[in-house]
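For reference, the structure is listed below as C-alpha cells.
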Amino acid sequence: MNYLLAKVKRKTNLFRVLSTQQNIFNLPVLDDCLAYNPATLLDEEQWYTLADFSDSQYCTDFFKNDFDSVNHIQITNDDASKMSYLCSVQNSNYFFQVINSSLLIRRKWFALDELSIEADRPIVTINNDADAIYDKVNDVLYFKKLSTANSIFKGIDQLYREATNVETETFLQSDFLRMMNNFDSNAVKVPNRKRIALVMDTLNGYNDQQRTDIFTYMQGYIQVPFVNNAFEIETEEHLKHILYGIEQRFYTTQLGNERRIANSIITIA
C-alpha cells in the first residue's frame, strides 16, 4: 500500500491524505547522479545527491522511524487548502512535491468521464516526477533544485550559503584585492556572496606559490587591472571574474585556442 501525506503550513506533523495501490509518483532512473556541488549544473535527466542523509541535521524522526500510517491524522478540508508539500511513501522511497499556486486549481472544471461543471471542488495536481526523493534503504536524498528542496528540508540551503557581511568584508580586504571608486561590501549582491562562500576554502588551501600561480593565470584571462600585486575592483562584474578565476573556470580550447568560461564544473577523479 502506498500512502500520500501532506505538510500543512504552520503545523509540525504530516497529515494522512489517502492510501492507494497505485504509485503516486514515478521512480525515475537514478543512474546519472552527482553529489551536490553548487559549481555543477545538472543536465535535464540528472539529479543531485546527498549521501548519508540520516546523519544530516535535515533528517527528522519521520525518516529515521519506521513508517506507520496510524501515526498520522487524516487531513481536514480546511487544512487541505493550506498544504505546503506532499509526501508519498512508496515502499522504502519517500517522494516529495512542493505545492505552489500553479498546482492548486480553484477555477471551474469538468472531468472528461462525467462532463459536469465543478465549481466548489478545488483540485491539486500531482506531477509525474517528484521534486525530491529519499531512498531510505541506501540513505540517499535526491533533488534537482536546492531552493525547492529547502521548502521541504528547512536549512538545507546552507549547503550553498551566502557569505556573511563579516566574511564578505574580510574577503574584500584580502591583500590581493584593492577596492576602487567606493566599491565595498554593501555593493556585493547575493550571487557574488554565494561565490565568496564557495571560494574561501579553496583560496585558504593555496600555499604561497600556488597563490602566485593562480594570480598569474587570472591575469591571462580577466580584464581587471592588476596594479602593485593587487586586482583593482570597481564593479560586481570585476568581483565575479576574480571569483571565477580563483575557481579556475577560465580555459583555452586545445583546438582553435578559443578562450572560454566554464559555467559548470564536475571534478573528474
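The values are calculated or read from the model by the stated rules, or taken from the named source; none is laboratory data. As the structure is a prediction and not an experimental result, all values here were calculated from the model. Cβ atoms come from the backbone with ideal geometry, glycine included; neighbour counts cover every protein chain shown. In case anyone asks, the SASA skips ligands and DNA or RNA and just uses the protein heavy atoms, side chains included. Shrake-Rupley method; radii C 1.70, N 1.55, O 1.52, S 1.80 Å.
Please quote Rg/Rh for the range 45-141 to two decimal places, taking the Kirkwood radius as Rh and restricting both calculations to Cα atoms.
Numbers: Rg = 16.7 Å, Rh = 16.0 Å.
Ratio of gyration radius to Kirkwood radius: 1.05.
What is the Å³ per residue value for the convex hull set by the Cα atoms of the range 126-260?
Values: hull volume 26.0 nm³, N = 135.
With only Cα atoms used, the range 126-260 gives 193 Å³ per residue.
Each principal axis of the Cα cloud of the chain was evaluated for its coordinate range; sorted largest first, these ranges are 75, 41, 39 Å. Calculation over all alpha carbon pairs of the range 10-71 in 10 angstrom steps from 0 returns a P(r) of 15, 31, 38, 16, 0 percent.
Relative to the current alpha-carbon distance between residue 210 and residue 66, full extension at 0.36 nm per residue lengthens the span by 46.8 nm.
With helices as the sole contributors, the chain gives -6500 deg cm²/dmol at 222 nm; each DSSP H run of n ≥ 4 counts as -39500 (n - 2.57), and the sum is divided by every residue.
Each of 223, 186, 63 was scored by the projection of its Cα onto the charge dipole of the chain, and the greatest displacement toward the positive side belongs to 186; charges sit on the C-beta of Lys, Arg, Asp and Glu. With the whole protein complex present, residue 59 retains an accessible surface near 10 Å², based on a 1.4 Å probe. A 1.4 Å probe, protein heavy atoms only, puts the accessible area of residue 200 near 50 Å².
For the residues 43, 113, 32, a GNM of the chain with alpha-carbon springs under 10 Å puts the largest fluctuation on 113. Under the criterion of Cα pairs below 8 Å and six or more residues apart, the relative contact order for the chain equals 16 percent.
Think of each Lys and Arg Cβ as +1 and each Asp and Glu Cβ as -1; about the Cα centre, that makes the dipole of the chain roughly 760 debye. Excluding same-chain neighbours fewer than eight residues apart, the lysines reachable from residue 154 by a Cα-Cα span under 21 Å are 7, 9, 11, 64, 82, 136, 144, 145, 194. Distance from the Cα centroid of the range 1-49 to that of the range 170-223 is 37 Å (rounded to whole angstrom).
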